[in-house]
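Structure record follows, encoded as structure tokens.
The values are calculated or read from the model by the stated rules, or taken from the named source; none is laboratory data. Computed from a prediction, not measured in an experiment: that's the story for all the values here. Every residue, glycine as well, gets a Cβ built from its backbone with ideal geometry; the counts of neighbours run over all protein chains shown.
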Amino acid sequence: MANISIDPRYHRLARFHRIQNAGVEKLNDATVVILGCGALGSQHAETLARSGIGHLILIDRDFVELTNLQRQTLFTEEDAKLSLPKVIALKNHLAEINSTIKVTAHIADVSGDNIVNLIKGADLLLDGTDNLALRMLINDACYQLNMPWIFGSALESYGMSHNFNFPRLPELPCLRCILGAIPLESGDTCSSVGVIQPILQLISSVQTIEAMKFFVDAESSRDTLFTMDLWVSRSQNVNLVKLKNPNCPTCGNHPTYPSLQEKKREAQRLCGDGSVMIREVEPLDLAKIQQSLAKDNIKHQFNEYFLNIHLENHRVILFKDGRGIVYNTSDIGEALAIYKRVVEK
Ligand SMILES: [Zn+2]
């Protein structure tokens, strides 16, 4: 047997008879997108970095907050104190764990306008998002790019995962085909009903092992929907093949990819915590806004990524790309007025 020398950090990985040295090399050559770097995504990033995935592309729009630390591994109190964007905090920690891999970080609000450009060129996408609308966007973008993706979600003590590896198994349905037949979204969010860390670790592990198999041993990939309720110790593998819709606008014969055509909404209520996200197309000059806030003695924090403003009854966060989050309101009109007041200072 040829004695290929590998980085000692991967010795135990290579010892595993299903992976071996050749498998380690395949992982080193892989490029994986992690879309959503919260509870699931931060764990995907850590496991895949330690396993030597050669290039990780991290995409997320949020910054680290203290409420994240219960379940979002790698993030620290210091990251929350500095309000670092999640992808930047992750990139910093991953560099200390494995400096031999490449990590690309995108602070971005993913939409039909930008998703294809952000993810193209990768071999595989891991879903670290927390809502169905984003997963539908991933589904359309991945089918258009012919890029397999691995779905994962968890709420309370229940979670599920599925491999959308359609280039290998085109007879299986896409996410759009199974809408309505599988309860993919209940209307609850983890901020309203909560979630426990062990189910997130389990679903994240199911996704990352499937990602490793995808590169090393595709024949062993799971082709059923996996569900698990950890509290009552019940799991299922559900065969989805009957749900394939030959006229599906994503995976059917004449795809139109409807989610990629949807226009970005200017503003939307965010789940659970009484806040509104504003999306403006024009980028903001944060340094200029910061100067006028300082002149008016308005309390704020400023770093290279965003501006955090404390008004009397509201908190506003402005991002360089024009986005803003207005806290302590669910009224879109009021949020837009507050946003305009601070950016037009
Ligand atoms: Zn479909």
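Brief remarks on what is shown
- Strands (runs of 3 or more DSSP E) fully within region 136-253 that include at least 1 residues being surrounded by 17 or more Cβ atoms within 10 Å (Cβ to Cβ) and either free of Cβ contacts under 8 Å to residues at least 24 places away in the same chain or within 16 Å of the ligand (Cβ to nearest atom) (or both): 149-155, 158-164, 225-229.
- Residue count for region 16-62, restricted to those that are at pLDDT 95 or above and in a helix (DSSP H, G or I): 20.
- When we screen ARG222, ARG168, ARG234 for residues that are out of contact with any strand residue (DSSP E or B) (no Cβ under 9 Å at 6 or more places or on another chain) and in the same structural domain as VAL32 (by TED's automatic domain parsing), the only hit is ARG168.
- Of the set (1) surrounded by fewer than 24 Cβ atoms within 10 Å (Cβ to Cβ); (2) within 16 Å of the ligand (Cβ to nearest atom); (3) modelled with pLDDT of 95 or more, all apply to LEU132 but (3).
- Scanning region 268-321 for residues that are hydroxyl-bearing (Ser, Thr, Tyr) and within 26 Å of ALA133 (Cα to Cα) yields a count of 2.
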